[in-house]
1. Amide H neighbours of Val120 under 5 Å, counting only residues 5+ apart in sequence or on other chains, H built in-plane at 1.01 Å?
2. Give me log10 I(q)/I(0) at q = 0.08 Å⁻¹ for segment 2-210, Debye formula, one equal scatterer per alpha-carbon, no solvent.
3. Of the GluC sites (Glu not before Pro) in segment 99-195, which ones lie in a loop per DSSP and count no more than 13 other C-beta atoms within 10 Å?
4. Find how much the distance from Ser106 to Tyr175 grows on full extension, using 0.36 nm per residue of separation minus their present alpha carbon separation; answer in nm with one decimal.
5. Using DSSP to define loop residues, name the GluC sites (Glu not before Pro) in segment 1-78 whose beta-carbon has at most 11 other beta-carbon atoms within 10 Å.
6. Using the Kirkwood radius over Cα pairs, work out the Stokes-Einstein diffusion coefficient for segment 49-160 at 20 °C and 1.002 mPa s, in µm²/s as a whole number.
7. Count the lysine pairs in segment 2-210 whose Cα atoms sit under 29 Å apart, keeping only pairs 8 or more residues apart in sequence or on different chains.
8. Can you give the helix-only mean residue ellipticity at 222 nm for the chain, where every DSSP H stretch with n ≥ 4 adds -39500 (n - 2.57) and the sum goes over all residues, rounded to the nearest 500 deg cm²/dmol?
Amino acid sequence: MREIDLTGRSDESMRELLAPAARALKEGALVVLPTTTYYGLCADATNEEAVRRVFSAKKRDASKPLIILVDSIGMMKPFVREVPDSVKELEWKLGSRGLSYVLPASDRLPREVTAGTGTVAVRVERNEVVLEVLTLLGQPVVAPSANVEGADPPRRLEEAVAPLRDWIEFAVRWYPTSATAASTIVDLTGEGFSVVRAGTVPLAEIEKVLGA
C-alpha cells in the first residue's frame, strides 16, 4: 500500500499527486479516499471484479447494494434510466450537505453494485479530492465507508487503513472529517419519495423542498 499525503500540497499539485491513484482505479485496484462524510473504500464502479473485491475487503453481504459517487448530474445520467427534476431541485438546495438518490439503474453498472435490485444510490460528491479523482477517472466510483462491516466508519486515514491494508493499492491522506452521520438516502423510484437511510439531511428539510 502506498500513501498520498495531500495535507501539505499546493492546489496546483493535487491533480499530479492523485494521478497514480486514478490510474490504479482504472486498473481495478482499491483506493481509500476522503469523502464529504467518512473515508471511503473506492473502486471503479464499472469494474465487476474490483467491485467484488470491495465486498470481500469489507466482509460485506453481497445482498447490500453500494452507493456510487459522481462529480455532476452529467456524470450520473449514463448510469441511471432517468434523472428526475426532484434530483435537480434537491441538489440545488441541499446537495452540498450530503444526499444520495435511489434511482432506476442503467445496464452500464455491474449487478454487484445494485445487488440485483435494478436500482442504484447515487451521490454528487463535493469533496475536492474525490472530484479530482473522478475527473481523472472519467466515471463513477463505488465508495462505501472504509471499514469492515459492523465497525465504526473512519474519520481519519489511520482508522481506514488498519483493517484494509492488504486490500488497498493507495490511501489518500486528507484532513480528519467532522462527520457525525452518513449521507441521507432518498428513494425517488416511485411516485413520491421516501427516506431509506436517515443521515446528514433531516426528513423535514427534504419535505420542505419536495412537499410532504
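Taken together, the values in this text are just the output of simple stated rules run on the coordinates, not laboratory data. As the structure is a computational prediction, the values presented were derived from the model and not from experiment. When we count neighbours, we look across all protein chains shown, and the Cβ atoms used for this are built from the backbone with ideal geometry, even at glycine.
1. For Val120, the qualifying residues are Leu103, Ala105.
2. -0.24
3. Taking segment 99-195 and a limit of 13 other Cβ atoms within 10 Å, the loop GluC sites (Glu not before Pro) found are Glu149, Glu191.
4. 21.4 nm
5. Glu27
6. Translational diffusion coefficient: 145 µm²/s.
7. Within segment 2-210, the lysine pair count is 14.
8. Working: 8 runs with 68 residues, N = 212.
Counting only the DSSP helices, I get -9000 deg cm²/dmol.
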